[in-house]
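J.: I'd like to ask some things about the structure below.
The values are calculated or read from the model by the stated rules, or taken from the named source; none is laboratory data. Just so it is clear, the structure is predicted and the values come from calculations on it, not from any experiment. Because the Cβ atoms are built from the backbone with ideal geometry, glycine has one as well, and the counts that use them run over all protein chains shown.
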């Protein structure tokens with residue numbers, strides 16, 4: 001597992017608050033036993049109903065790797081299929097006003113940092129990417145500094161998530177298995193585990 | 001020191017602080033289903049890991065099961081493949097599975113409590129955001145993703161950040177025709193769909209104290225719709241009475257010890273909270289959503305707000321400042337982990353009895369579990385629905401998220417007792433959902449349009 005110190009790339013702006021995971025990955029595409037190929041169904045219904053007006057159907061953002069969203073992105077269902085589809089579509093970071101906790105947790109485990117910043121900064125960044133799609137966005141996990149063209153602002157993420165990226169410990173299974181005797185000790189002290 | 005249930009339970013399950021600063025938390029009960037687990041088992045196999053505590057995971061099949069015929073193999077090839085995968089995974093790793101041919105099968109958040117698996121003081125997780133339901137018993141219960149399902153299988157632990165606690169007091173008596181669903185929709189409307197971010201909601205007050213376990217589950221279920229990852233109610237005699245005698249509940253000498261421990265982990269009277277909110281129950285009306293998130297709702301006598309969100313109005317085809325009452329519906333759906341329990345069916349049956357579903361309405365009654373269906377049938381309730389023109393179906397998640405054949409078509413409007421009115425949620429990319437209580441769905445099914453259930457209740461003996 002590698003350290004994730006910073007991410008740089010072109011942006012893709014997706015405007016709107018409360019974009020839920022049903023919209024990111026409609027439920028019928030969850031009828032699978034693997035995550036492979038989910039990128040093909042990312043925002044499928046929104047793309048269809050918007051008739052080509054959706055950023056994920058817009059050629060200008062084909063090579064984008066940084067998704068720029070608004071508030072409460074990824075709310076609703078806990079389906080990891082949503083961030084899996086995003087990662088498999090080549091997105092390396094998401095910058096937005098705020099994220100649902102479950103989405104942020106699911107994304108972090110996949111090595112996809114989610115940066116939060118105020119509405120005005122995000123709006124400016126979205127406008128910049130819309131007018132200059134080939135601008136490079138640089139996002140530092142370490143400092144939270146976001147830079148693109150003439151724009152710069154500081155974004156944040158939960159400290160423990162940030163540290164996990166910096167230490168290369170964002171996929172926690174090995175850490176959780178590391179001191180397994182401690183786990184048995186805790187289990188052994190829980191009345192409902194021991195039968196009261 | 002005075003403390004909340006959340007902190008007491010969290011501390012009892014805390015293993016250590018990880019290098020990242022997150023807490024390693026022990027999971028007491030892990031529930032799994034066919035949609036969010038197959039990839040997790042594959043990851044376990046790829047790494048050559050074992051399932052650490054197979055006896056602390058319980059599986060069922062709910063999301064993709066058809067509710068018309070549950071004969072195997074399912075007609076839907078992918079539904080069958082997912083079912084076979086779960087059967088194989090559970091066999092290989094020694095996990096208890098309730099398949100659709102067992103009397104215990106049903107929606108994971110209905111069967112956990114029903115079997116007595118869900119108990120106070122536990123940490124409970126499942127790859128499903130409505131896991132918050134189990135908080136009704138005084139547990140810390142939350143939804144997780146598939147990689148976290150893998151972590152729990154491998155280690156029985158999660159890497160998590162603690163939540164803050166917001167106490168929500170609801171006081172006073174609910175009017176006839178007003179239910180737990182209306183209370184939680186009102187809370188979400190008031191605090192917003194982003195309002196609970198970073199919080200667990202602790203529900204209390206005289207209204208909640210008087211609620212049955214079914215009603216408390218409805219409240220906790222929808223905590224996530226207000227962005228609170230967990231919601232809970234402190235355990236009390238109502239909780240203990242519900243649990244006593246259930247299959248997995250403690251019995252004999254263990255029962256009294258369990259009750260003593262359960263009482264001890266309740267929030268102390270003088271516990272301090274990160275935030276407090278209170279609501280007046282008598283002021284709550286039957287509530288209906290008009291938009292595309294569960295916070296966009298109004299009381300049945302209110303109009304859609306004048307400043308209503310334009311995107312939501314455009315999607316729904318509604319106008320600002322118009323009444324929600326009288327909105328024509330095409331489909332009525334009673335069921336889901338929010339409102340698919342016996343008391344929901346009983347209450348809807350009171351409304352439906354002796355009436356007929358409007359001609360243009362397709363009405364579905366989908367029990368939350370086979371046990372719920374069997375009990376309802378024993379009481380003859382199925383016949384009440386069938387006589388009125390409802391389809392009485394088998395147990396499953398059904399049209400709440402439409403991963404099985406039960407789907408809206410085109411721009412149909414559905415009066416639904418489920419939890420989410422997101423764009424496309426009920427299976428049609430342009431389908432429209434109006435969330436409301438099961439009794440309100442029953443009233444809408446009969447009237448053919450959104451109606452005020454209180455007027456129909458006046459004619460019904462209590």
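J.: For residue B:404, state whether it is touching a helix residue (DSSP H, G or I) at 6+ places or on another chain (Cβ under 8 Å), closer than 15 Å to residue B:335 by Cα and modelled with pLDDT under 95. Spell out the reasoning first.
T.: Values: touching a helix residue (DSSP H, G or I) at 6+ places or on another chain (Cβ under 8 Å): yes; closer than 15 Å to residue B:335 by Cα: yes; modelled with pLDDT under 95: yes.
Here the answer is yes, as residue B:404 does meet what is asked.
J.: Only one residue in B:118, B:102 is in contact (Cβ under 8 Å) with a residue 60 or more places away in the chain and either part of a strand (DSSP E or B) or more than 30 Å from residue B:260 (Cα to Cα) (or both). Which one? If you could, list the steps in order and put the result at the bottom.
T.: Details: B:118 fails: either part of a strand (DSSP E or B) or more than 30 Å from residue B:260 (Cα to Cα) (or both).
Unique residue meeting the criteria: B:102.
J.: Can you pull out every residue in the range B:87-100 that is at pLDDT 95 or above and more than 25 Å from residue A:193 (Cα to Cα)?
T.: Filtering the range B:87-100 down to residues at pLDDT 95 or above leaves B:87-98.
If the condition is that a residue be at pLDDT 95 or above and more than 25 Å from residue A:193 (Cα to Cα), then B:87, B:88 are the ones that fit.
J.: Further, regarding this structure: Tell me, yes or no, whether the range B:82-90 has at least one residue that is within 12 Å of chain A (Cβ to nearest Cβ), in contact with a helix residue (DSSP H, G or I) (Cβ under 6 Å, 6 or more places away or on another chain) and either part of a strand (DSSP E or B) or more than 26 Å from residue B:365 (Cβ to Cβ) (or both).
T.: There is at least one residue in the range B:82-90 that is within 12 Å of chain A (Cβ to nearest Cβ), in contact with a helix residue (DSSP H, G or I) (Cβ under 6 Å, 6 or more places away or on another chain) and either part of a strand (DSSP E or B) or more than 26 Å from residue B:365 (Cβ to Cβ) (or both).
J.: Okay, next question. Just checking, how many residues over the range A:54-71 are away from chain B (no Cβ under 13 Å) and either within 15 Å of residue A:15 (Cα to Cα) or assigned to a helix (DSSP H, G or I) (or both)? Give the derivation first.
T.: Residues of the range A:54-71 away from chain B (no Cβ under 13 Å): A:55-69.
Narrowing further to those that are either within 15 Å of residue A:15 (Cα to Cα) or assigned to a helix (DSSP H, G or I) (or both): A:55-61, A:66-69.
Within the range A:54-71, residues that are away from chain B (no Cβ under 13 Å) and either within 15 Å of residue A:15 (Cα to Cα) or assigned to a helix (DSSP H, G or I) (or both) number 11.
J.: OK, next. Tally time: how many residues in the range B:124-157 are more than 9 Å from every other protein chain (Cβ to nearest Cβ) and outside any helix (DSSP H, G or I)?
T.: Looking only at that region, the number is 6.
J.: Which residues, counting only those in the range A:78-101, are under 14 Å from residue A:64 (Cα atoms), out of contact with any strand residue (DSSP E or B) (no Cβ under 7 Å at 6 or more places or on another chain) and part of a loop (DSSP other than H, G, I, E, B)?
T.: If the condition is that a residue be under 14 Å from residue A:64 (Cα atoms), out of contact with any strand residue (DSSP E or B) (no Cβ under 7 Å at 6 or more places or on another chain) and part of a loop (DSSP other than H, G, I, E, B), then A:89, A:90 are the ones that fit.
Yes/no matrix, rows are residues, columns are (1) surrounded by fewer than 24 Cβ atoms within 10 Å (Cβ to Cβ); (2) modelled with pLDDT of 95 or more; (3) within 10 Å of another protein chain (Cβ to nearest Cβ):
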{"residue": "A:16", "(1), (2), (3)": "yes, yes, yes"}
{"residue": "A:35", "(1), (2), (3)": "yes, yes, yes"}
{"residue": "A:52", "(1), (2), (3)": "yes, no, no"}
{"residue": "A:73", "(1), (2), (3)": "no, yes, no"}
{"residue": "A:85", "(1), (2), (3)": "no, yes, no"}
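J.: Could you figure out which of (1) over 23 Å from residue B:366 (Cα atoms); (2) not in a helix (DSSP H, G or I) isn't true of residue B:75?
T.: (1)
J.: If you don't mind, there's one more thing I want to ask. Check B:193, B:178, B:259, B:183 and return the single one that is within 17 Å of residue B:435 (Cβ to Cβ) and within 14 Å of another protein chain (Cβ to nearest Cβ). Full working, then the answer.
T.: On the way: B:178 fails: within 14 Å of another protein chain (Cβ to nearest Cβ); B:259 fails: within 17 Å of residue B:435 (Cβ to Cβ); B:183 fails: within 14 Å of another protein chain (Cβ to nearest Cβ).
Only one candidate qualifies: B:193.
J.: Would you kindly identify the helices (runs of 4 or more DSSP H) lying entirely within the range B:220-316 that contain at least 3 residues that are touching a helix residue (DSSP H, G or I) at 6+ places or on another chain (Cβ under 8 Å) and crowded, with 21+ Cβ neighbours inside 10 Å? Give the steps one after another, and end with the answer.
T.: Details: elements: B:237-243, B:253-264, B:310-316.
In the range B:220-316, the matching helices (runs of 4 or more DSSP H) lie at B:237-243.
J.: I'd like to check something: does the range B:158-173 contain any residue that is surrounded by fewer than 19 Cβ atoms within 10 Å (Cβ to Cβ), within 24 Å of residue B:340 (Cα to Cα) and either free of Cβ contacts under 8 Å to residues at least 24 places away in the same chain or more than 14 Å from chain A (Cβ to nearest Cβ) (or both)?
T.: So in the range B:158-173, the residues surrounded by fewer than 19 Cβ atoms within 10 Å (Cβ to Cβ) come out as B:161-162, B:164, B:169, B:171-173.
Narrowing the set further to residues that are within 24 Å of residue B:340 (Cα to Cα) leaves B:173.
Next, only the ones that are either free of Cβ contacts under 8 Å to residues at least 24 places away in the same chain or more than 14 Å from chain A (Cβ to nearest Cβ) (or both) stay: B:173.
Yes, the range B:158-173 has at least one match.
J.: Taking the range A:139-156 as the region of interest, how many residues are buried (at least 19 other Cβ atoms within 10 Å of the Cβ) and within 11 Å of residue A:113 (Cα to Cα)? If you could, list the steps in order and put the result at the bottom.
T.: Looking only at the range A:139-156, we keep the residues that are buried (at least 19 other Cβ atoms within 10 Å of the Cβ), and these are A:139, A:141, A:146, A:148, A:155.
After this cut, where a residue has to be within 11 Å of residue A:113 (Cα to Cα) as well, the list is A:139, A:141.
Qualifying residue count, the range A:139-156: 2.
J.: Only one of these is over 17 Å from the mean Cα position of the chain (by Cα), assigned to a helix (DSSP H, G or I) and modelled with pLDDT of 95 or more: B:216, B:189. Name it. Steps first, please.
T.: Working: B:216 fails: over 17 Å from the mean Cα position of the chain (by Cα).
Going through B:216, B:189 in turn, just one is over 17 Å from the mean Cα position of the chain (by Cα), assigned to a helix (DSSP H, G or I) and modelled with pLDDT of 95 or more: B:189.
Residue by residue, here is whether (1) closer than 26 Å to residue B:457 by Cβ; (2) without any contact (Cβ under 8 Å) to a residue 60 or more places away in the chain; (3) in a loop (DSSP other than H, G, I, E, B); (4) within 14 Å of chain A (Cβ to nearest Cβ) holds:
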site: B:408; (1), (2), (3), (4): no, no, yes, yes
site: B:421; (1), (2), (3), (4): yes, no, yes, yes
site: B:426; (1), (2), (3), (4): no, no, yes, yes
site: B:444; (1), (2), (3), (4): yes, no, no, no
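J.: Go through the range B:42-64 and report how many residues are within 26 Å of residue B:336 (Cβ to Cβ) and in contact with a helix residue (DSSP H, G or I) (Cβ under 6 Å, 6 or more places away or on another chain).
T.: Qualifying residue count for the region: 5.
J.: Let me ask another. Collect the residues in the range A:18-31 that are facing another protein chain (nearest Cβ under 8 Å), outside any strand (DSSP E or B) and out of contact with any helix residue (DSSP H, G or I) (no Cβ under 7 Å at 6 or more places or on another chain), keeping them in residue-number order.
T.: Matches in the range A:18-31: A:18, A:22, A:27, A:28.
J.: Do we have residue A:100 as more than 11 Å from the chain's Cα centre (by Cα) and at the interface with another protein chain (Cβ under 9 Å from one of its Cβ atoms) here? Outline the logic, then answer.
T.: Working: more than 11 Å from the chain's Cα centre (by Cα): no; at the interface with another protein chain (Cβ under 9 Å from one of its Cβ atoms): yes.
Judged against the criteria, residue A:100 is not a match.
J.: Are any of the residues in the range B:9-26 in contact with a helix residue (DSSP H, G or I) (Cβ under 7 Å, 6 or more places away or on another chain), more than 10 Å from chain A (Cβ to nearest Cβ), part of a helix (DSSP H, G or I) and surrounded by fewer than 22 Cβ atoms within 10 Å (Cβ to Cβ)?
T.: At the first step, the residues of the range B:9-26 found to be in contact with a helix residue (DSSP H, G or I) (Cβ under 7 Å, 6 or more places away or on another chain) are B:13, B:15-16, B:18-22, B:24-26.
Of the ones still in play, those that are also more than 10 Å from chain A (Cβ to nearest Cβ) are none.
No.
J.: Follow-up question, since we're still on this one. Of B:65, B:35, which residue is within 7 Å of chain A (Cβ to nearest Cβ), assigned to a loop (DSSP other than H, G, I, E, B), crowded, with 23+ Cβ neighbours inside 10 Å and touching a residue at least 12 places away in the same chain (Cβ under 8 Å)?
T.: B:35
Residues are listed down the side, and each one gets a yes or a no for (1) more than 14 Å from chain A (Cβ to nearest Cβ); (2) in contact (Cβ under 8 Å) with a residue 40 or more places away in the chain:
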site: B:263; (1), (2): no, no
site: B:270; (1), (2): yes, yes
site: B:278; (1), (2): yes, yes
site: B:281; (1), (2): yes, yes
site: B:293; (1), (2): no, yes
site: B:307; (1), (2): yes, no
site: B:311; (1), (2): no, no
site: B:314; (1), (2): no, no
